[in-house]
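Colleague: Please see the structure below; I have some questions.
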Amino acid sequence: MVDHNEVPHEVDVIIAGGNKGGTAGCVVAGRLAKADPSLEILVVEYGIDTKNDPKIVNPALFPALLAPDSKTARFHEAKPSENLAGRSPAVVTGACLGGGSSINFMMYTRGQSTDFDDWDTEGWNAKDLLPLFKKAS
Ligand SMILES: Cc1cc2nc3c(=O)[nH]c(=O)nc-3n(C[C@H](O)[C@H](O)[C@H](O)COP(=O)(O)OP(=O)(O)OC[C@H]3O[C@@H](n4cnc5c(N)ncnc54)[C@H](O)[C@@H]3O)c2cc1C
């Protein structure tokens, strides 16, 4: 949480992208803080504040977050692909405080165990990953 009255001072770690829920940045900050509670960690991020925005808290309004003139989403257009009949895939990311985790639809689905086993990589099969999936959900 930003304290605007706090006197500026040096910190040990700066993480770009994560305050309020920018997912990966928060995980990194949390892990670092747990590993060394004496660390001062500053998490900075980009975008408008979405606190109390009805579109963020009311699932019926979620689709409005993806309107072409959205101030909370950014639309990245990838290169055209033959596998998409020459079309360009659009990748949407959050462009607000909290990033994608602020505007996502909060759906969680665990993949099929055979999909992970097909990777055929030590430590990444379904049995190895299950405790981590349970921890994350
Ligand atoms: C519309 C939408 C719906 C989704 N629905 C689901 C769902 O139902 N279930 C699901 O599991 N996943 C869903 N996702 C995907 C999920 O939200 C993302 O995979 C996840 O949030 C990515 O986390 P991240 O930390 O990589 O990025 P983000 O959460 O996007 O975090 C990036 C951070 O970087 C910050 N940032 C950006 N630019 C700058 C800059 N220049 N300087 C400093 N900081 C910056 C942002 O403010 C943000 O805090 C959805 C995503 C979107 C966009």
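Quick note: the coordinates plus some simple rules give every number you see, no bench work behind them. The structure presented is a predicted model; accordingly, all values stated were derived computationally and were not measured. With ideal geometry, Cβ positions are generated from the backbone for all residues, glycine too; neighbour counts draw on all protein chains shown.
Colleague: Determine which member of the set GLY99, GLY86, GLY47 is under 27 Å from LYS134 (Cα atoms) and of a type in the set (Gly, Ala, Ser).
Modeller: The conditions single out GLY99.
Colleague: Of the residues SER81, SER88, only one is touching a strand residue (DSSP E or B) at 6+ places or on another chain (Cβ under 7 Å) and of a type in the set (Ser, Thr, Tyr); which?
Modeller: Only one candidate passes the filter, namely SER88.
Colleague: Which count do you get for residues in the stretch 59-105 that are within 14 Å of the ligand (Cβ to nearest atom), in a helix (DSSP H, G or I) and surrounded by fewer than 12 Cβ atoms within 10 Å (Cβ to Cβ)?
Modeller: The number of residues fulfilling the criteria is 2.
Colleague: Further question: Which numbered condition trips up THR114, out of (1) among the hydroxyl-bearing types (Ser, Thr, Tyr); (2) closer than 25 Å to GLY30 by Cβ; (3) outside any loop (DSSP other than H, G, I, E, B)?
Modeller: (2)
Colleague: Of everything in the stretch 118-137, what is more than 28 Å from GLY22 (Cβ to Cβ) and surrounded by 15 or more Cβ atoms within 10 Å (Cβ to Cβ)? Give them in sequence order.
Modeller: Passing the criteria: ASN125, ALA126.
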